[in-house]
Amino acid sequence: MTMSAPDWVRSKAIKAPTLKALTERALADLVAMGGDVALVCGPISSGGLGDVDKNLDVFNATIASLRRSDPAVFDTLPFEAGILDLRNAWEADPAHAGKSFATALMSDFYRPICEHAALTHAYFIPGWEASFGSTLQRGMLIALKRRIIDLPADWSRTFRMH
């Protein structure tokens, strides 16, 4: 299924020809933030509000809101348009038939971010449990002994989305 990022995500997009190249850029951005960096985890393509655009709106508002009290929140949204483009190319390639892009995304992009020493904690958006990727991220973060913060169930009522 072809997916597309909303225009506001595409406007700040960071793209790369491969997941490895995208990961290298993300890690450079993470390192530039210094230490005690947080990751926001939650549903994008599965779970949440059931719509990629709406889930990305929640991510954007969550990152903005959290940065008021935790300025070192890593913004993965600039990478989402590139991720969606890579996913579409992956799914169109017959060599990947029957293989999950989500698994490659978790192992090749999110695992190196989660493993990096600069990342110390993660915020989980309500509804993360229904997301394949978020459940894998949580397992990785727990195994790495990162601090997990579950945002309250009514979290999305605390901010305005565009």
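Every number in this text was worked out from the coordinates using simple rules, so none of it is lab data. Computed from a predicted model, the values in this text were never measured in an experiment. Positions of Cβ are generated from backbone atoms using ideal geometry, with glycine treated the same way; all protein chains shown enter the neighbour counts.
Kindly indicate whether Asp150 is among the charged types (D, E, K, R), touching a residue at least 24 places away in the same chain (Cβ under 8 Å), surrounded by fewer than 18 Cβ atoms within 10 Å (Cβ to Cβ) and in contact with a strand residue (DSSP E or B) (Cβ under 8 Å, 6 or more places away or on another chain). Reasoning before the result, please.
On the way: among the charged types (D, E, K, R): yes; touching a residue at least 24 places away in the same chain (Cβ under 8 Å): yes; surrounded by fewer than 18 Cβ atoms within 10 Å (Cβ to Cβ): yes; in contact with a strand residue (DSSP E or B) (Cβ under 8 Å, 6 or more places away or on another chain): yes.
Answer is yes for this residue.
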Next item on the list: Among the residues of region 44-62, count how many are in a helix (DSSP H, G or I), under 11 Å from the mean Cα position of the chain (by Cα) and among the hydrophobic types (A, V, I, L, M, F, W, C).
Entry: 2
Check: In the list Ser131, Ser107, Ser100, which residue meets the criterion of being hydroxyl-bearing (Ser, Thr, Tyr) and crowded, with 19+ Cβ neighbours inside 10 Å?
Finding: Ser131
Checklist line | Given (1) of a type outside the set (A, V, I, L, M, F, W, C); (2) in contact (Cβ under 8 Å) with a residue 60 or more places away in the chain; (3) under 20 Å from Leu151 (Cβ atoms); (4) assigned to a loop (DSSP other than H, G, I, E, B), index of the condition Gly35 fails | finding: (3)
Notebook entry, point to check: Can you name the residue in region 65-79 that is more than 13 Å from Arg25 (Cβ to Cβ) and either of a type in the set (Phe, Trp, Tyr) or touching a Leu at 6+ places or on another chain (Cβ under 9 Å) (or both) and, of all such residues, is surrounded by the most Cβ atoms within 10 Å (Cβ to Cβ)?
Noted result: Val73
Notebook entry, point to check: So which residues in region 12-56 are surrounded by 13 or more Cβ atoms within 10 Å (Cβ to Cβ), touching a helix residue (DSSP H, G or I) at 6+ places or on another chain (Cβ under 9 Å) and of a type in the set (S, T, N, Q), if there are any at all?
Noted result: Thr23, Ser45, Ser46
Item checked: Members of region 117-161 that are within 21 Å of Asp29 (Cβ to Cβ), within 17 Å of the chain's Cα centre (by Cα), assigned to a loop (DSSP other than H, G, I, E, B) and among the aliphatic types (A, V, I, L, M) -> Ala118, Ile125
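Out of region 88-110, which residues are of a type in the set (Ser, Thr, Tyr) and either under 22 Å from Ala38 (Cβ atoms) or outside any helix (DSSP H, G or I) (or both)?
Initial filter on region 88-110 (of a type in the set (Ser, Thr, Tyr)): 100, 103, 107, 110.
Selection gives Ser100, Ser107, Tyr110.
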Notebook entry, point to check: Of (1) part of a loop (DSSP other than H, G, I, E, B); (2) farther than 21 Å from Glu115 by Cα; (3) in contact (Cβ under 8 Å) with a residue 24 or more places away in the chain, Asp85 satisfies all except one. Which?
Noted result: (1)
